[in-house]
Amino acid sequence: MTVNTALSAVETDPIVRRPAGGRRFWSLFTRSKWVTAGLAIFAVYVLFAIIGPIIKPYDPSALSYTAILQPPSAHHLLGTTQTGQDVLSQLLVGFGPTLEIGFLAGVIATAMSIIIGVGAGYFAGSAGEGLSLLSNIFLVIPQLPLLVVISSLDAHAGSWVYAIALAVLGWAWGARVLRAQTIALAGQDFVLAAKASGESAWRIILFEILPNELPVVATSFVFTVVGAIGSYVALCFLGLVNINSWNWGTMLFYAQSNQAMSDGAWWWYVPPGIAVALILLGLVMLNFGLDEFINPRLRAAGITRKELKTASKQQGITPVIRNRPRAPSGVSSAITVGDEVTSTARRHK
Amino acid sequence: MTYMARRIAFYIVTAWAAVTINFFIPRLMPGNPVQIIMSRLSAVGPVTPSMQRALEIQFGVNTNTSLLNQYFQYWGQLVHGNLGTSITDYPASVASVIAQALPWTIGLVGASVIISFVVGTIIGTLSAWRRGSFLDGALPVSAFLQALPYFWVALLAIEVFGVTLGWFPDSGGYAQGMTTALTPAFIGSASYHALLPAATIVVTSMAGWMVGQRNLMITTLDQDYVLVAQAKGVSQRRVMWMYAARNAILPQFASFAVALGLVVSGSLLVELVFSYPGIGDVLLNAVSNDDYSTMQGVFLVITLAVLAANFLADLVYVVLDPRARQEA
Amino acid sequence: MSAITGPAVAAGMEPVLDIQGLCVDYGRGRNATHAVIDADLTLHRGEVIGLAGESGSGKSTLAYGATRLLRQPGIVTDGSVLFTRDVSRPDTEIDLLDATPAELRTLRWRDVALVFQAAMNSLNPVLSVQSQLTDTLAAHRPHTTKRERIERAAELLELVGISRDRLKSFPHELSGGMKQRVMIALALALDPQVVIMDEPTTALDVVTQRQIMEQIISLRDRLGFSVLFITHDLSLLLEMADTIAIMYAGRIVETAPARRLFRAPRHPYTAALLESFPSLHGDRKVMTGIPGSPPDMRKPPKGCAFADRCKYALPRCTDEQPPLASPAIESGGGRQVACWLHEENALPDALSAPEPGTEPAGTARESFGGPR
């Protein structure tokens, strides 16, 4: 349930880069610690998504009448549920579906937001205005209630239906940001030049505009995935999704309806929540890194924390850091300690 | 068109869109909702012909009229305030059920949003101004908080604060057995019961405002007028609040719409977990009863409420930004 | 239309702002850009100095660096900036580079004020004009009452030719010219001794430009402050400057009284700049730009930075940096040039014009085709 209002900063102050932005984009992955951390978490999740169903110790649906509500033990590393099912197995099996839905929804939503957002920004007049209005409407409409209505009407929907529904409700934010970015770019010289030389609109959009919007597209993609995963887990938690495979939201649904909290069965409801929280955390961190790339001022690059602190204490005052000791003027009481001038000096004649 | 006129026009269009979506969804989905409802209803009580008629208009089954006619009929029904009959609370009308629950949600969500916006904005402002201080830690912490699912935090909160520590009540909107009246005792009990749910919402949604304000401040601090303000010797505090923050906050209102939508969605789940007698509760009860009419009614009302809240936010925006006050 | 021939700066006028050896960098370490290198500039009381140079020459950086208003990653790395508040009392001299933040905040605006480039964004969009004038007054003169401050704000607006019922206006309601005037009024709010103006008219149309220039000139006459006027348009300085300093690649390459600079440039860059002005009177000329471009300031050349574009360059020019010194060809003082040609006795004709003597005022303008 995030609001990436950093994107709104892009909207009001679109940072326009020259077309050589491609290489810098890839350098992100090596230099930003946010991006590294986020990707690491994501990689771990992908790993578990693949091997989870393989390494699971038990069949997650297998009931047992003896091992009911057991705390973690050697047999059941994460304990068991009310019906004797192994929590760890259920957890492991949940990686795949969650990532799958999130990604699917993210891809579809991002594709839609590019088409509508860039279109709204590039084409002036009623076409652009209409697309913009469309995205604003979808932005305001509250997602979860609508999802509840939709999913309750068709309880047997496959996961791709959910992906589409999530995408339909999730593309609007990205569209709006891309529209702002496109408007800024479309006024730039290199686009005007391309237009003047007769390039078709599609070519301009595809080759001139979109490459420069790559970081923003990336951010909105990640944001959409976060929203999709969050909404999907919420829907499962509400028991609205008819699942064939286990996922974390459904685990929480059963946990809650079986009073896991009052029974103190923390091993049942804490791990799924953490599982969801961690992947979302990883994605959010990824977005922080992307934000810093889009708006380099957000980064405190190359400056130590102490210097940052001193500089910010002295807002609006350029620091004086002398490279060489001052020629003795005979009267100055300035002390150059290491790199900073720390006291005042008055020349007395 | 002035700013306000444009916004109002937008809200009208969106409200129309919401109604239209409501109209089309059951007609697009497979299955026959009317039959399900009918069977549910008849299990609960007698089904009058007028109820049946209303259902047919709502869901468009068993009619011979064209789609367009159905659409007009649907609007006609809405304008009369007829949202259908509730199955869950038979024989009450959907409208009355919602009307009863709405104030609770508005109170909870309204207060939470305001608190989280104010606190988040203040912290965001300070953390951008004093970079390198401990407030920089606010960023990763808020990243973590942003990632937590609302309802899960609510579950934990109940477990820790409600059950284990017993500081707060773990469910309900007010103490059991109390009658709903505007007595001090009732208000006191209601407020006490609202604390934990509100705290849950505030803690998880505040992060978005914090990060947003921080990033907007950093961009704003680069503006010329901030440099001028510092050059002309105005106090640091005034520069931070009146020159930087006052300008940085304006784009936040643009994202208010989305933020509010998410908070509302999240609070539905919080209400479920806390058994709080608000709209979310109504919605979720309706789900388990296949009470489609109620679900649709709730969706519509929530959308209108969100639009109204956005309208209020726009009013605040006009107050804050002199450029919006007069637009040719 | 008034033209100004300001009081010539007589030798012996006290310096009010003395910049010596100022070095300003952007960034640190190997990739630092050396925007200003060893700049010497002395502003005397009542004087108008024009600081001219092309974009990127470092002139704005010099001004902002000297007053320590440079944004990150700007750093002042060397030099001194001595401001003398009261010439009769030597102990009121203070080095801005060593001052504490508190001292700087007091001194800035009260004694040294700035008019920033491009007033488009220099005013806070959400506060009224009155508010932005009075909060400075309140910060520096806390003992005044609110009514006194409002009255003073109204006075300031009238000083720059804006009616006082504009006090309650917001910046978006003002035209570009009006906004610039408000910035000037703001700069004069505390009666400063030094006003630094950074391209105050660049963003304006020509008519407004003229009006603002005249306004500045008449205010200067009236209130007597010293001005450091930064511009890339040399012709503007013709009208108002007493002294002109030319900057190239972060260094000051020539300083001279205005009339002398125009009639007899002593640095190849100055001569080339003057060549690039079309004249309304006089013969038609073939316009030539200056071929080449300024060096990369991350690795400033060890010799003269203009050498590779200079048509008179000597081998010594690329090896050694010429110091700013009085040229041999002039007997009197008042002029400094950084060029080896003077020392090597290799002065071309273009730089050997006789020193202007006692020509009547206005001659300079005619000869060099100032804008009319």
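Magnitude of the Cβ-charge dipole of the stretch A:30-299, K/R +1 and D/E -1, about the Cα centre, nearest 20 debye?
The calculated dipole for the stretch A:30-299 is roughly 420 debye.
Taking each pair of distinct Cα atoms in the stretch C:217-345 once, what is the resulting Kirkwood hydrodynamic radius in Å?
16.1 Å
Could you give the distance between the Cα centres of the stretch C:149-210 and the stretch B:105-142, to the whole Å?
First find each Cα centre; the distance between them is then 38 Å.
Between the stretch A:190-267 and the stretch C:286-328, how far is it from one alpha carbon centroid to the other, in angstrom?
58 Å
What is the Cα centroid distance between the stretch A:91-169 and the stretch B:250-328, reported in whole angstrom?
Cα centres, the stretch A:91-169 to the stretch B:250-328: 19 Å.
Under the Kirkwood approximation for Rh and a Cα-based Rg, what ratio Rg/Rh is obtained for the stretch A:30-299?
With Rh from the inverse mean 1/r over Cα pairs, Rg/Rh is 1.07.
With 39 Å as the cut-off, how large is the P(r) tail for the protein assembly as shown, expressed as percent of Cα-Cα pairs?
Numbers: 308173 of 549676 pairs.
Considering the protein assembly as shown, 56 percent of its Cα-Cα pairs are separated by more than 39 Å.
Under a point spin-label approximation (7 Å from Cα along Cα-to-Cβ), what is the B:Leu67-C:Ala32 distance to one decimal in nm?
Result: 7.1 nm between the two label points.
What percent of all Cα-Cα pairs in chain C falls in each 10 Å bin, counting up from 0?
Distribution as computed: 5, 23, 32, 26, 11, 3, 0 percent.
Can you tell me the dipole magnitude for the protein assembly as shown around its Cα centre, using point charges on the Cβ only (Lys, Arg +1; Asp, Glu -1), in Debye to the nearest 20?
1060 debye
Would you be so kind as to identify which of A:Val44, B:Val203, B:Ala9 lies farthest towards the positive end of the dipole of the protein assembly as shown, taking Lys and Arg as +1 and Asp and Glu as -1 on Cβ and the Cα centre as origin?
Of A:Val44, B:Val203, B:Ala9, it is B:Val203.
With unit charges on the beta carbon (Lys/Arg positive, Asp/Glu negative), name the residue among C:Ala187, B:His80, C:Gly333 whose Cα is farthest towards the positive pole of the charge dipole of the protein assembly as shown.
Projecting each Cα onto the dipole axis, the largest value belongs to C:Gly333.
Sorting A:Glu292, C:Glu158 on the 10 Å Cβ count, fewest up front, what's the list?
With the sparsest Cβ surroundings first, the list reads C:Glu158, A:Glu292.
Using a cut-off of 17 Å between alpha-carbon atoms, which aspartates and glutamates can reach C:Lys59, once sequence neighbours fewer than 8 places away in the same chain are excluded?
Those aspartates and glutamates meeting the cut-off are C:Asp18, C:Asp25, C:Asp38, C:Asp40, C:Asp78, C:Asp198, C:Glu199, C:Asp233, C:Glu254, C:Asp296.
Using a Förster distance of 45 angstrom, determine the FRET efficiency expected from the C-beta separation of A:Val44 and B:Ile122, and round it to 0.05.
Efficiency, rounded to the nearest 0.05: 0.80.
Output the relative contact order of the stretch A:30-299, whole-number percent, from Cα pairs under 8 angstrom with separation of 6+ residues.
RCO, the stretch A:30-299: 27 percent.
Any idea what the relative contact order of chain B is, in percent, if you count C-alpha pairs under 8 Å spaced at least 6 apart?
Reported relative contact order: 27 percent.
Which aspartates and glutamates does A:Lys195 reach when only Cα atoms under 19 Å apart count, and residues fewer than 8 places away in its own chain are ignored?
Candidates past the 8-residue exclusion: A:Glu208, A:Glu213.
Based only on other Cβ atoms within 10 Å, what is the fewest-to-most ordering of B:Leu108, B:Leu165, A:Leu99, A:Leu134?
B:Leu165, A:Leu134, A:Leu99, B:Leu108
How large are Rg and Dmax for the stretch A:136-263 when only the alpha carbon atoms are used, in Å?
Using the Cα atoms of the stretch A:136-263, the pair Rg, Dmax is 20.4, 72 Å.
Only bridges with both residues in chain C count here: give the DSSP antiparallel percent, nearest 5.
Bridges in chain C that DSSP calls antiparallel: roughly 60 percent.
Provide B:Ile12, A:Ile101 in ascending order of the number of other Cβ atoms located within 10 Å of each residue's Cβ, fewest first. Don't skip to the end; give the middle numbers.
Numbers: B:Ile12 11, A:Ile101 25.
Exposure proxy ranking, most exposed first: B:Ile12, A:Ile101.
Just going by the charge dipole of chain C, with Lys and Arg at +1 and Asp and Glu at -1 on Cβ, which of C:His267, C:Leu51, C:Met178 is farthest out on the positive end?
C:Met178
About the Cα centre of chain C, how large is the charge dipole given +1 on each Lys and Arg Cβ and -1 on each Asp and Glu Cβ? Please answer in debye to the nearest 20.
Details: 40 positive and 45 negative charges, 200 e Å.
For chain C, the charge dipole is close to 960 debye.
Could you name the aspartates and glutamates in cross-link range of C:Lys168, using Cα to Cα under 19 Å and dropping any fewer than eight places away on the same chain?
Output for C:Lys168: B:Asp321, B:Glu327, C:Asp135, C:Glu148, C:Glu151, C:Glu155, C:Glu158.
A short reminder: the numbers here are calculations on the coordinates, not readings from a lab. No experiment lies behind these values; they were computed from the predicted model shown. Neighbour counts run over all protein chains shown; Cβ positions are idealised from the backbone, glycine included.
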